[in-house]
Amino acid sequence: MLLSEIFVAGMFLTFGILLFTGFPVAWVLGGTAVIWTVVGMIAVNWFGAGIWFDWGSSLGLLPERIWGMVSNDVLVALPMFIFMGIMLDQSGVAERMMNNIVKLFGVVRGGYAITVVVIGVLLAATTGIIGAAVVLLGMLSLPVMMKNGYDKSLAVGTSCATGTLGILIPPSIMLVLMADRLATPKASVGDLFLGAVFPGLLLGGLYIAYILSVGIISPRKAPLPDDLPTITPRVFLDVLVAVLPTVALILAVLGTIFFGIATPTEASGVGAAGATVLAAFNRRLNFEVLRQSVTQTTRTACFIFAIFVGATAFSVVLRGLGGDRVIEELLLGLPFPPVGILATILIVVFFLGFFLDWVEITLIILPLVAPVVVDLGFDLVWFTIMFAVTLQTSFLTPPVGFAIFYVKGVCPPEITVKDIYRGVLPFILLQLLGLLLVFLFPSLVTWLPSVGAV
């Protein structure tokens, strides 16, 4: 067993070193698998090492695993949801919502920032494309908030953090990947979607509470606009008209899943078609928009599936070297009660998010720790959603916080990287607070799946 521990530590160390070479992550994962397949076979065949390891129990399994991946109906939802998000970005519904909802919240301090959160939650329920959401919210809100005297850190932190909600609030491509990796009826895509609803809304509520608090404690950071909007029945009507198409799309996608009318894969097709109809309705649909959307969808899906192949190679070799047993014994051997072991896993995942993307962590770490969590007697859906909430922070934590780089690309010139880091810090703490609340109150996750139709 000692040799397995050395091999497993060597694999992770090799992966960490190669990651800093700048090679694509998919190649790093696959290359690490090849290197340690050779090392394992040499150790067994030449030195008679005390482990069972051969080609058939490692990389020889890769063709079968890849075939299982590409023939998996659940993963068909990935490109569909990606296309839905990109097409929705092109449809102009976010601009229309921004122009109307701000009239409703503009009468309170921080009204523009609150509007960003509300729109972000609605967009999150229609797409899981973080880059598109962060860029869109930044472009729509930052110039307006700067013009109205908002604190730079508050403005950019709100746009950046709110854009990451799409990775958690269903339909989330991260939850689709997690369900596929877990491959158990105990944590289906539908159950994970249902379980993520309240935690996602909880984070949105925490963001709004923070913005209101800033407006009360430091009015200069979230001033009222010079021309206060007047709340009239016409304003409510305009907001309703602006929000209704997005709400209809949410109901068409999530409603059909939650009420058992359609599978997540079928619902993803409905969402893709609905986003296209919205773009056509707003006169934004043409051949160039369709071409860009299909091209971007293909690139994003290929990026994810390339990492899928690399992570699968890494995983089969790691398991062949006894990695799953090593990880399980390491976790169960910690001098903590089960809750302490669970907390340790989440803390490790949080710090891994500083350096690794959520895709690698989901594909490699989640399948290794999930069996341990089940053995400890915890609800798998509850744990997976906490895992997802923890991973959401990885978009905001340097040095690999992708949302920070996305928003920097659309920031007004007066907003610096320092302003962005200062702005996202309170939202990272709010996300950790949300994680703590989900940890302390599991019913926030488990209640909806227990009563849902899925």
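The values are calculated or read from the model by the stated rules, or taken from the named source; none is laboratory data. What you are looking at is a predicted structure, and each value in this text was computed from that prediction instead of being measured. Glycine also receives a Cβ, built like all others from the backbone with ideal geometry; neighbour counts cover every protein chain displayed. Surface accessibility is based on the protein's heavy atoms, side chains included, excluding ligands, DNA and RNA. Shrake-Rupley method; radii C 1.70, N 1.55, O 1.52, S 1.80 Å.
Within the range 96-126, the set of residues being more than 18 Å from residue 155 (Cβ to Cβ) and among the charged types (D, E, K, R) comprises 96, 103. In the range 319-326 there is at least one residue that is in a helix (DSSP H, G or I) and more than 16 Å from residue 369 (Cα to Cα).
Is it the case, given these coordinates, that residue 270 is surrounded by 14 or more Cβ atoms within 10 Å (Cβ to Cβ), of a type in the set (A, V, I, L, M, F, W, C) and over 22 Å from the mean Cα position of the chain (by Cα)? The answer is no for residue 270.
Looking across 17, 82, one residue alone is at pLDDT 75 or above and in contact with a Gly (Cβ under 9 Å, 6 or more places away or on another chain). It is 82. The criterion of at least 1 residues that are of a type in the set (A, V, I, L, M) and over 29 Å from residue 366 (Cβ atoms) is met by the following helices (runs of 4 or more DSSP H) wholly inside the range 161-261: 189-217, 233-250. Checked against the criteria, residue 284 counts as in a loop (DSSP other than H, G, I, E, B) and open to solvent by 60 Å² or more (accessible area, probe 1.4 Å).
If you check every pair at least six apart or on different chains, which have Cβ atoms under 9 Å apart with a residue in the range 347-362 that is within 17 Å of residue 334 (Cβ to Cβ) first and a residue that is open to solvent by less than 50 Å² (accessible area, probe 1.4 Å) and assigned to a loop (DSSP other than H, G, I, E, B) second? Correct list of pairs: 350/397; 351/397. Looking only at residues of the range 20-32 that are in a helix (DSSP H, G or I) and out of contact with any Ser or Thr (no Cβ under 8 Å at 6 or more places or on another chain), we find that the one that is modelled with the lowest pLDDT is 25. When you check residue 299 against the structure, is it among the charged types (D, E, K, R), under 30 Å from residue 28 (Cα atoms) and modelled with pLDDT of 80 or more, yes or no? Yes; evaluated as a whole, the condition is true for this residue. Residue 63 falls short of the stated requirement of being of a type outside the set (Gly, Ala, Ser) and at pLDDT 80 or above. Selection of first residues in the range 129-145 that are of a type in the set (S, T, N, Q) and of second residues that are at pLDDT 75 or above, restricted to Cβ pairs under 8 Å at least 6 apart or on distinct chains, gives the following pairs, ordered by first then second residue: 141/98; 141/112; 141/113; 141/115; 141/116; 141/155; 141/158; 141/159. Among the residues of the range 293-313, is there at least one that is over 20 Å from the mean Cα position of the chain (by Cα), basic (Lys, Arg) and open to solvent by 40 Å² or more (accessible area, probe 1.4 Å)? No, because not a single residue in the range 293-313 is over 20 Å from the mean Cα position of the chain (by Cα), basic (Lys, Arg) and open to solvent by 40 Å² or more (accessible area, probe 1.4 Å). Does residue 278 fit the bill of being at pLDDT 80 or above, buried (at least 19 other Cβ atoms within 10 Å of the Cβ) and more than 19 Å from residue 78 (Cβ to Cβ)? Against the criterion (at pLDDT 80 or above, buried (at least 19 other Cβ atoms within 10 Å of the Cβ) and more than 19 Å from residue 78 (Cβ to Cβ)), residue 278 qualifies. Please specify each residue of the range 1-15 satisfying the condition of being over 15 Å from residue 363 (Cβ atoms) and either in contact with a Cys (Cβ under 7 Å, 6 or more places away or on another chain) or touching a residue at least 12 places away in the same chain (Cβ under 8 Å) (or both). Residues satisfying the conditions are 1, 3, 4, 5, 7, 8, 10, 14. Residue count for the range 394-432, restricted to those that are within 19 Å of the chain's Cα centre (by Cα) and open to solvent by less than 30 Å² (accessible area, probe 1.4 Å): 13. Inspect all residues belonging to the range 223-235 and state whether any of them is touching a residue at least 12 places away in the same chain (Cβ under 8 Å) and crowded, with 19+ Cβ neighbours inside 10 Å. Looking through the range 223-235, none of the residues is touching a residue at least 12 places away in the same chain (Cβ under 8 Å) and crowded, with 19+ Cβ neighbours inside 10 Å.
Here is a yes/no grid of residues against (1) without any contact (Cβ under 8 Å) to a residue 24 or more places away in the chain; (2) over 21 Å from residue 115 (Cα atoms); (3) surrounded by fewer than 24 Cβ atoms within 10 Å (Cβ to Cβ); (4) charged (D, E, K, R):
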| site | (1), (2), (3), (4) |
| --- | --- |
| 148 | no, no, yes, no |
| 156 | no, no, no, no |
| 161 | no, no, no, no |
| 169 | no, no, no, no |
| 186 | no, yes, yes, yes |
| 203 | no, no, no, no |
